[in-house]
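Read-outs throughout are calculated quantities, based only on the coordinates presented, and are distinct from any laboratory measurement. Keep in mind that this is a model prediction, so the values were computed, not measured. Positions of Cβ are backbone-derived with ideal geometry, glycine not excepted, and every protein chain shown enters the neighbour counts.
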Amino acid sequence: MTTMSRHSQGISIPKQWCNFLFDYPQYAVHDVPKEVSLPSNGARKVSIVPQQPLSLVTQSNSTREPYHEIPERLLELYAQYRPTPLRRARQLEQRLGVNARLYYKYEGLNVSGSHKLNSAIAQAYYYAKAGVEELVTGTGAGQWGTALAYACKLFGLRCTVFMVGASLRQKPQRRAMMELFGATVHESPSDVTDVGRKALQRDPGRIGSLATATGEALEIAHGGKRIRFAVGSGENCVLLHQTLIGSEAIEQLGALGEFPEYVVACMGAGSNFGGVGLPFLRAARERQRQLRLVAVEPAACPKLTRGVYAYDINDFSGTTPIHRMYTLGSHYIAPPIFAGGLRYHGTSSFLSAMYADKGFDALAVPQPDALGAGLLFAESEGILPAPESAHAVAGAIRLARENPADAPPRVILMNISGHGFFDLSAYERARTNTLESDIPDDAMLTESLRHVHEFNARIEQSSSRES
Ligand SMILES: *Cc1c(COP(=O)(O)O)cnc(C)c1O
């Protein structure tokens, strides 16, 4: 059991992060091949590990402790907006007429509008403690950039954000919000970095991708002193910070006498999925309950359902360490769907290893279905989910509908990772049925995966030379 701090309203916040690496040490191993020449841009091979303070490196790697203590200062800051609500979606159940009890956890009530703040605050804390003065990052839909801008403000750090061009033009308010907290924002691909200038040749319309934005941020981070690259998702320490979501939800559902059979979350690089789901896997084992985690990805960026499990890089410049993961290739430019947070070509290496072992399920949902589910949720529950989170709603609805009327009711928890107040144009398009289909054809995926296969063939060659 997690120890909980009692709040004035009698509500509890976990005092520890749930270290899932303790439960699954077999997926913690960073099996990074030793020496390979990188596939794109001939960029330097630099690891981002030395970029991180030891505390974060430990959180990303240690399999020894079942929990990591949350520092007191962070507990104070988490208390600004945690615990977050857990509610039953009764109106939605009735609307759908399903034989299921649908619960949702809602992470959209903080200033960043999403779960991203859980990790942004923690990272800013550890970097500030390590003497870092500026954090630089890439952001897709802007939630991570907003979260980091606010967290930097709290700890007196400067903040620079490269935001994916397509998303920035869809949501200019996100830029305003980041600037409100003092951040410098660049539209990516930008012309302030080599990586950006190179990407612009390939992508003159500045659609952009998280791989490019990340590459730009890394270039800046490597060029300065006391400036570091902060990562919004995918890494184990980020998933760890997000376990607050699952740990709280276990207690909240427990108070209602419930334990879910399904926990559903959308899948970008895996931080809200892992954050809500991994503590439940531990609880299910302890309580000997059946539980399945379900990751919902956009059909436009289907790394789990149509990608490959292979070595790849996270950023377009090729400066990040190589990970084995489910990927569509770092060259993949996903259609500019509104769920910008799910447009990333890869996934967390930990979750990828788990998925390769069939440790959870995945489904892909086309954009019109996801936003339709989001609208239905808004009409029934009075909460407008982020387009990303709407994927989780669509997944939960699918699972609820599958359950026959004469079976026991299915208990499903979905994570609403953020709000959609900056995505009204997306919902407008959904409401008026003017969204394009966004499913990539095989040729498009094959072309992108060709780079991944070539890259992996080269790794194989170099490792066979070594042995
Ligand atoms: C960033 C984001 C996501 C996707 O990122 P994960 O790391 O996979 O959670 C999902 N929902 C919202 C609201 C986001 O901001």
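Data table
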quantity	calculated
Folded to 0 to 90 degrees: helix 236-255 orientation relative to the chain principal axis, Cα	0 degrees
Computed FRET value (nearest 0.05) for Val111 with Lys358, which takes r as the C-beta separation and R₀ as 45 Å	0.70
Proxy reagent accessibility, fewest Cβ within 10 Å first, across Ile70, Ile333, Ile397, Ile313	Ile70, Ile333, Ile397, Ile313
Efficiency of FRET between Arg87 and His453 - r from beta-carbon atoms, R0 51 angstrom, step 0.05	0.65
Assigned charges on the beta-carbon of Lys, Arg, Asp, Glu; region 117-231 dipole about Cα centre (debye)	140 debye
Taking the C-alpha atoms of the chain, convex hull volume expressed per residue in Å³	139 Å³
Potential lengthening between Arg197 and Glu436 on full extension [0.36 nm per residue; Cα-Cα distance subtracted]	83.1 nm
Cα lying deepest toward the dipole's positive end in the chain, options Leu77, Tyr27, Pro408, charges on Cβ	Leu77
Selection from Val132, Ala217, Gly205 lying farthest towards where the dipole of region 117-231 points positive, charges on Cβ	Val132
Net charge dipole size for region 234-326 [Lys, Arg +1 and Asp, Glu -1 on Cβ; Debye, nearest 20]	320 debye
Principal axis box of region 117-231, alpha-carbon based, largest edge first, Å	40, 29, 19
Highest-first arrangement of 446-457, 336-347, where packing means the average Cβ count within 10 Å	336-347, 446-457
Equivalent ellipsoid semi-axes, region 211-347, via Cα gyration tensor eigenvalues times 5, rooted, Å	31, 18, 12
Reachable lysines, given that their alpha-carbon falls under 19 Å from the alpha-carbon of Lys153 and they are not under 8 places away in the same chain	Lys116, Lys129
Modelled FRET efficiency - R0 35 Å, Leu154 with Arg95, Cβ distances, 0.05 increments	0.30
Inter-label distance for Arg287 and Leu424, nm, one decimal - labels placed 7 Å from Cα along Cα-to-Cβ	4.0 nm
222 nm mean residue ellipticity, helices alone, for the chain (DSSP H n ≥ 4; -39,500 (n - 2.57); rounded to 500)	-13000 deg cm²/dmol
Angle in degrees between helix 210-222 and the longest Cα principal axis of the chain, rounded to the nearest 10	60 degrees
Extension gain, Thr446 back to Arg465 (0.36 nm per residue minus Cα-Cα distance, nm)	4.0 nm
Check: the chain dipole with +1 on Lys, Arg Cβ and -1 on Asp, Glu Cβ, in debye	620 debye
Length released on extending from Glu402 to Leu75, taking residue separation times 0.36 nm less the Cα-Cα span	113.7 nm
